Amino acid sequence: TYDERLMLKSGQTMSFYVMMNDKILRYNDTNNFGQVYSSTDHLMFYEGTGVGDWWGGEGGEYLYRPRTWNGSIRYEVIQSLGSNEGLDKPEKEPDKETDRKPDREADKGDVTTCSKEITTPYTSDTGSFGNMFDVQTKSKAITITSMSLYTNITINITYEIYTKRGSFRGLGLDSWQLLASGSVIGAGSGVGTHIPSKHFLQHRDRNNSMTTIPPNTIQGFYVTFTTNDMNHDQTSMSEGEIMISNDDIDVLVGVGVPDYPAGATLSGPREWRGQIKYIIHESCESAF
């Protein structure tokens, strides 16, 4: 784990070279060197180069491009850079725990919230256009801020995310409310393709009535690409069983959607693959 602080200013481009002593570092082949293949609200990652020997060998004969790096970067956003005061010695050192590191933030009006997430394994033995599944909250209300979806491709892909109160089973497609839609660059195999929170903000209603899920509530989700590129897993569990869980929510086994837009035929049971980022409306200290 890299614990030193490295500051990037707004608009700055910085290069990284990561390596291991043995040839076990995994990355993806791709087709668009220098193009964005993954992004968040704050960072963009560009397709780069695979290194087949120490520093690429003499004359760079062991440099292979284009390639996409697979990994994660943890970072903090500095809201104001009026001076350098506080950058070398932040008021609070980063949490050394790697399992659960909730953010601490406050909304307008000094409403305290705690940012959290739940992530499925990024495995897949089948795929289709999309998935339908249910999320069930526990004792706390949550507000969804963003999601990640799973696809093997590393080119531009168009997605749509819908939700409705109650299980995805039952009412017709006209009961779904659009949460987010747009296009992103697929991150490829083994990692999630992040849907930025600003895409969700475009579709929020005035009271956030569908992004906020009350306590002890089941809410259905329909996530889809416009192409047959959504990864998920077949399962021996039954539809509606708990697939993955944390202190705040259960994600339940759902179904695959073999058409776009969704038709009458659904395939299942299926385990959705992705991540849900959300906030609970209390401090992180009291959340644990």
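The values are calculated or read from the model by the stated rules, or taken from the named source; none is laboratory data. Quick caveat: nothing in here was measured; it's all calculated off a predicted structure. A quick note on method: Cβ atoms are made from the backbone with ideal geometry, for glycine too, and the neighbour counts reach across all protein chains shown. Areas reflect the complete protein model, heavy atoms only, side chains present, ligands, DNA and RNA absent. Shrake-Rupley method; radii C 1.70, N 1.55, O 1.52, S 1.80 Å.
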Q: Could you please report the charge total around THR49, scoring K, R as +1 and D, E as -1 over all other residues with beta-carbon less than 11 angstrom from its beta-carbon?
A: +1
Q | When each of LYS138/LYS198; LYS116/LYS164; LYS9/LYS198; LYS9/LYS164 is checked by Cα-Cα distance, pairs over 30 Å | A | LYS9/LYS164
Q. How much accessible area does GLU47 have with a 1.4 Å probe, in Å² rounded to the nearest 10?
A. 10
Q) Among residues other than TYR260 whose Cβ falls under 11 Å from its Cβ, what is the net charge (Lys/Arg +1, Asp/Glu -1)? A) -3
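Residues with beta-carbon under 10 Å from that of THR235, excluding THR235: net charge, scoring Lys, Arg +1 and Asp, Glu -1?
Taking every other residue near THR235 into account, the sum is -4.
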Q) About its Cα centre, how strong a charge dipole does the stretch 127-259 have in debye, to the nearest 20, once Lys and Arg get +1 and Asp and Glu get -1 at the Cβ? A) 480
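Remind me, relative contact order of the stretch 119-204 in percent, using alpha carbon pairs under 8 angstrom and six or more residues apart?
With pairs under 8 Å counted, the relative contact order is 36 percent.
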